[in-house]
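Have a look at the structure below before the remarks.
The values are calculated or read from the model by the stated rules, or taken from the named source; none is laboratory data. Bear in mind the structure is a predicted one, so any value in this text is a computation, not a measurement. Methodologically, a virtual Cβ is constructed for each residue, glycine included, from the backbone with ideal geometry; neighbour enumeration extends over all protein chains shown. These accessible areas exclude ligands, DNA and RNA; they are computed on the full protein's heavy atoms, side chains included. Shrake-Rupley method; radii C 1.70, N 1.55, O 1.52, S 1.80 Å.
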Amino acid sequence: MCGIVGYIGDKKATPILIDGLSKLEYRGYDSAGIAVFRDNDVHVEKYKGRLSVLADNVKDKDYDGTIGIGHTRWATHGAPSDENSHPHTNQSGNIAVIHNGIIENYMKIKEWLIEEKGVTFRSETDTEVIAHLIDYHYEGDLLDAVFKSIEKMEGAYAIGVVCKDEPDKIVAVRKDSPLIVGLGKGENFLASDIPAILKHTRDIFLIENDEVVLLTKEKVTIFNELRQVQAREVYKVTWDVESAEKEGYEHFMIKEIHEQPKGIHETLHRRLNKEGIIELDGIKITKEDLEGINRVYIVACGTAYHAGLVGKYAIEKFAKIPVICDIASEFRYRDPFIDENTLFIAVSQSGETLDTLAALREAKRKGARILSVVNVVGSSVARESHDVFYTWAGPEIAVASTKAYTTQQTAMYMIALHMGLTKGALSRERYDEIIAELGTMPEKVQSILDDFSAVQHLADTQFNNESVFFMGRGLDIDVANEGSLKLKEISYINSFAIAAGELKHGTIALIEDGTLVMALATQDRLYEKMLSNIKEVKARGAYVVAIAKEGNKEVEKSADTVIYIPDTMDELTPILSVIPQQLFSYYVAVARGCDVDKPRNLAKSVTVE
Ligand code: F6R
């Protein structure tokens with residue numbers, strides 16, 4: 001989604017803003033712009049297209065101002081164009097605004113501004129109303145005008161504002177859209193995400209919902225909605241700039257695929273005590289609490305939802321509690337049955353996905369206990385939960401989620417095992433057995449990564465397919481869903497996943513000569529049944545690639561190609577079987593010449609509904 005950067009200090013703002021925006025490119029965007037001071041005026045430069053278009057256009061202009069704001073836009077209201085790009089200004093160009101999110105009542109405000117002030121709008125965006133609204137309220141005090149304006153604005157937004165008549169300040173607001181402030185010496189920074197400013201400082205203020213921030217070069221003041229000054233502790237960023245850089249890999253996605261053994265190891269081993277028992281540091285759910293819980297909801301979006309599906313399986317199997325796994329955007333409008341005996345688990349890499357956050361709030365309002373599985377420390381989902389399980393994936397930059405997914409799976413297993421043992425639904429012996437096997441996952445994932453050439457070769461020969469089917473049974477269908485999502489999002493191939501037993505109820509009609517079918521056959525219990533399903537599609541001309549456990553050679557008689565994963569217990573195969581699928585998607589996208597890290601139309605952190 002959109003990215004925000006702001007700078008106030010003594011250095012030239014333009015290069016800092018452009019560099020900061022380049023660190024946010026991963027979020028997905030279609031245009032970029034900046035507003036900087038020069039000769040007592042605010043100058044706006046904004047262009048449709050990549051950040052390089054903006055950089056090329058400003059490089060010979062002498063923007064030596066030391067205060068400015070910058071933005072990468074991901075279109076919601078109005079197509080990508082120079083005019084719709086941010087910053088947006090008021091009529092006279094005195095006030096410039098950047099905005100992430102959506103102003104839901106912008107049409108009402110727009111009509112009112114046209115009637116009251118005869119404002120002429122230059123763009124189709126919701127953001128432009130903010131600039132005119134602030135102008136309407138402006139009487140020489142930008143902070144006051146912003147406070148008055150946000151009273152009228154509904155929706156989710158993070159904004160940054162500068163004003164020609166007050167060239168020593170930036171005013172920013174956060175409502176349901178991420179915003180942080182970086183603290184420097186004689187300079188301060190504004191951003192929607194830490195990587196944008198990590199080069200300059202590790203000292204961060206995490207801005208809370210409904211807070212307004214006034215930045216000068218010497219000071220940062222945070223206000224709540226009642227205009228009361230808020231104290232804030234400095235959050236120290238511990239991870240390195242390098243972990244947000246490519247480190248020699250061609251793309252962030254392949255780098256992050258290779259970081260999975262480490263992510264899984266960290267997520268697991270940081271929480272195992274000397275006796276091999278899981279100690280869930282951020283979770284205070286007792287045996288009594290668990291006995292009171294009669295239903296679990298796991299709610300998330302996209303890849304995180306797919307990790308939730310594995311969580312559902314694990315909790316039902318190990319802890320014997322019924323689980324409903326739901327898509328966040330559907331959950332909140334379904335009026336789901338929730339009470340104080342409900343445990344609600346939100347799964348989110350970014351911790352800022354608006355649908356997940358809204359679902360969490362709905363469940364909390366109805367009395368559920370909220371546990372979140374989150375990667376980004378201090379994110380909104382984490383802050384609004386009763387208990388937090390942080391995955392230790394490290395910063396995930398590629399739009400296509402990989403290492404977040406396998407660490408989320410690991411987290412779900414750990415939560416399920418912890419619940420099972422605490423509740424007495426799982427014997428200590430079985431628990432030890434599963435933990436020991438979970439402990440082998442980093443090295444087993446590594447062995448698949450080391451032996452990637454067969455998958456790469458497969459991708460190099462199959463990249464021209466226009467549709468791909470994924471199928472599986474049991475846990476395999478949950479992972480097939482993730483494999484299919486990965487492929488479609490980065491290579492734009494029309495793919496979908498189907499439960500293998502469901503094929504003959506309609507979908508098999510689509511199979512014809514040469515159709516590529518990825519068949520996951522890792523579940524021993526369902527292996528024979530999968531072999532039959534593979535034969536069914538083979539008989540209709542499909543080219544079948546099977547993913548199976550080492551040793552299960554029988555599949556070679558039916559499939560055209562077999563990719564083996566190391567042997568493991570059925571319950572844990574998802575951590576392994578997803579790896580060849582991630583690699584396949586990556587190499588197919590590369591072979592098709594796609595922009596792997598920044599796929600079209602997609603954003604990393606989806607902060608709109
Ligand atoms: C796909 C992908 C998305 C996210 C989804 C939820 O590769 O990254 O499907 O999984 O947008 O995002 P988070 O986990 O940040 O809530």
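What to note about this one:
- Hits in the range 26-49 - residues which are more than 17 Å from VAL162 (Cβ to Cβ), surrounded by fewer than 22 Cβ atoms within 10 Å (Cβ to Cβ) and not hydroxyl-bearing (Ser, Thr, Tyr): ASP30, LYS48, GLY49
For every residue, the table says whether it meets (1) touching a strand residue (DSSP E or B) at 6+ places or on another chain (Cβ under 8 Å); (2) open to solvent by less than 40 Å² (accessible area, probe 1.4 Å); (3) in a helix (DSSP H, G or I).
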site: GLY20; (1), (2), (3): yes, yes, yes
site: GLY68; (1), (2), (3): yes, yes, no
site: THR76; (1), (2), (3): yes, no, no
site: GLN91; (1), (2), (3): no, no, no
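- Unmet criterion (only one of (1) among the aliphatic types (A, V, I, L, M); (2) part of a helix (DSSP H, G or I); (3) open to solvent by 50 Å² or more (accessible area, probe 1.4 Å)) for LEU226: (2)
- Filtered residues of the range 554-603 (kept if touching a residue at least 60 places away in the same chain (Cβ under 8 Å) and among the charged types (D, E, K, R)): ASP570, GLU571, ARG592, ASP597, LYS598, ARG600
- Pair list, Cβ under 6 Å, 6 or more apart: the range 327-353 residue acidic (Asp, Glu), other residue within 10 Å of the ligand (Cβ to nearest atom) and at pLDDT 95 or above: none
- Looking only at residues in the range 499-540 that are open to solvent by 20 Å² or more (accessible area, probe 1.4 Å) and assigned to a loop (DSSP other than H, G, I, E, B), the one that is nearest to ILE579 (Cα to Cα) is GLY514.
- Residue, least open to solvent (accessible area, probe 1.4 Å), within the range 362-379, restricted to residues that are more than 9 Å from the ligand (Cβ to nearest atom) and either of a type in the set (Lys, Arg) or over 27 Å from GLY292 (Cα atoms) (or both): GLY378
- Looking only at residues of the range 318-328 that are of a type in the set (A, V, I, L, M) and farther than 18 Å from ALA425 by Cβ, we find that the one that is least open to solvent (accessible area, probe 1.4 Å) is ALA328.
- Residue within the range 391-404 that is away from the ligand (no atom under 14 Å from the Cβ) and buried (at least 23 other Cβ atoms within 10 Å of the Cβ) present: no
- Qualifying residue in the range 340-361 (condition: modelled with pLDDT of 95 or more, more than 14 Å from the ligand (Cβ to nearest atom) and of a type in the set (Ser, Thr, Tyr)): yes
- Residue identified as at pLDDT 90 or above, open to solvent by less than 20 Å² (accessible area, probe 1.4 Å), under 16 Å from PHE389 (Cβ atoms) and more than 16 Å from the ligand (Cβ to nearest atom) among ILE315, ILE298: ILE315
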